[in-house]
1. For segment 340-392, compute Rg over Rh where Rg is the Cα radius of gyration and Rh is the Kirkwood radius from the inverse mean 1/r over Cα pairs.
2. Evaluate the distance, in nm, between pseudo-label points positioned 7 Å from the Cα of Leu311 and of Arg27 along their respective Cα→Cβ axes.
3. Amide H to amide H under 5 Å from Ser290: which residues, 5+ apart in sequence or cross-chain, H placed 1.01 Å off N in plane?
4. Highest mean first, what order results for 339-351, 355-367 on Cβ atoms within 10 Å?
5. Provide Ser353, Ser295 ordered by accessible surface of protein heavy atoms (probe 1.4 Å), highest first.
6. What's the percent breakdown of Cα-Cα distances in segment 268-373 across 5 Å bins, shortest bin first?
7. Could you sort Leu325, Leu411 by their accessible area in this structure, using a 1.4 Å probe and putting the largest first?
8. Divide, for segment 21-86, the radius of gyration over alpha carbons by 2.2 N^0.38 Å, where N is the residue count.
Amino acid sequence: MPDMPQPLQTAGSPVAGNHVGIHDHYRPALTLLASLFFIWGFITVINNTLLPHLRAVFSLSYTQTTLLESVWFIAYFFASLPSAWLIERIGYQRSMVVGLLVMAAGALIMIPAARIPSYGVVLTALFVIASGITLLQVAANPYVAVVGPPETASARLNLVQAFNSLGTTLAPLFGGYLILGRSTSGTALGDAHVLTAAERLADARSVQLPYLIVALVLVLLAVVIGRFPLPAMGVATSRVSRLERSRHSLWAHRNLVFGVPAIFIYLIAEIGVSNLFINFVSQPAIGNLSHEQASHYLFLLWGGMMVGRFLGSMAMRLVPAEKVLAFVSIGACVVVLIASFATGHVAMWALISVGLFHSIMFPTIFTLGIRDLGPLTEEGSGLLIMAIAGGALVVVQGAMADSFGLQASFLLTASCELYVLFYALWGARPRDRREAPPPG
């Protein structure tokens, strides 16, 4: 990862030392940046309604269905370092614009993919969209952390992440109405309706309108971001931090070393639950619902994540983050086991409740992972963002669903929760402060 600027603390800054002035100065920029977090959360979760739709259109196995999502997260692995390289050369603001336009291009590719229809072109379109989102993530996350006073960086990130949760909560309603609600497979009860050739073609083309709308919104947002006077970040602190970073090693920080796999493994659990949710609750033995009806319950899953983040934020004012993370990992493991072995509405509501327990996992693991990194914070953040590629291994759960059954595949999710518990209890502990290098 290229060196990224440290928080603006340089002497002589017109806003240094004036927290109220900083807040007022950066509020319009943060409001606009919140829209980026909203849009990539929204588009990511549209996949949760798109995948069961494509499974019916292309008569896919669970392995092939989850491969669609794996391609999405493989993009995080391949696009993260090129994104950092691009940001170093053209800056944060232009990179955000490029990211939005790349996403728009991918959304437009979905239109010919639906008209053909072609499974391979769909994979290509999803990879392009995810590459654009990766660029946004690599650019927007450190920008939000850096622009403004460092002591309120966590508050700023939590605020914009709440908008990301809002996007993930609303996306199932959008996808349920415009994709599943306008297709034969989406409105049929259960998960075993076989489409005729004419129905398959009509269902495939129902994807065109929603992705055209998404592409237009992305282009409009790119124009707004490109013309908006975002506060610039100075380069002086970047040059100083590069010298300081050479004296330290990331490997000396246990909380980061175990935090990277914690993010990677957690993403397997989160993506597996969200992407197989509609197929799971549609089963006759669980909810016996149409895919459109099931999408409304997916709304509750993601809504639980939004509510959980607010509750977790309040809890962490009184209880250490590690203990809160341990509590939710135990809760998640219990409800996933119930979903794996129970039937009917008990299993359905158990899986819905996973969203409440998953809510704080990613931001809490991320925060614990970069704790006490000092001048290595940016490199550590970059590694944690790359670990989002763990979502690509959802294809393993798809293969398990094909071999052992959909319910049994959620035992993989339960095992992922156990690693998060291990991280909360031991892996997140930073090294003894007496061994830490003196502050720069």
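1. 1.21
2. 3.1
3. Gly190
4. By packing density, highest mean first, the sequence is 355-367, 339-351.
5. Ser353, Ser295
6. Binned Cα distances yield the sequence 2, 13, 22, 23, 16, 11, 7, 4, 2, 1, 0.
7. Leu411, Leu325
8. Numbers: Rg = 17.5 Å, N = 66, 2.2 N^0.38 = 10.8 Å.
Working it through for segment 21-86, the quotient is 1.62.
The values are calculated or read from the model by the stated rules, or taken from the named source; none is laboratory data. Treat the numbers as computed from the prediction; the structure is a model and nothing was measured. Counting neighbours? That spans all protein chains shown, and the Cβs are built from the backbone with ideal geometry, glycine included. SASA here: full protein model, heavy atoms, side chains in, ligands and nucleic acids out. Shrake-Rupley method; radii C 1.70, N 1.55, O 1.52, S 1.80 Å.
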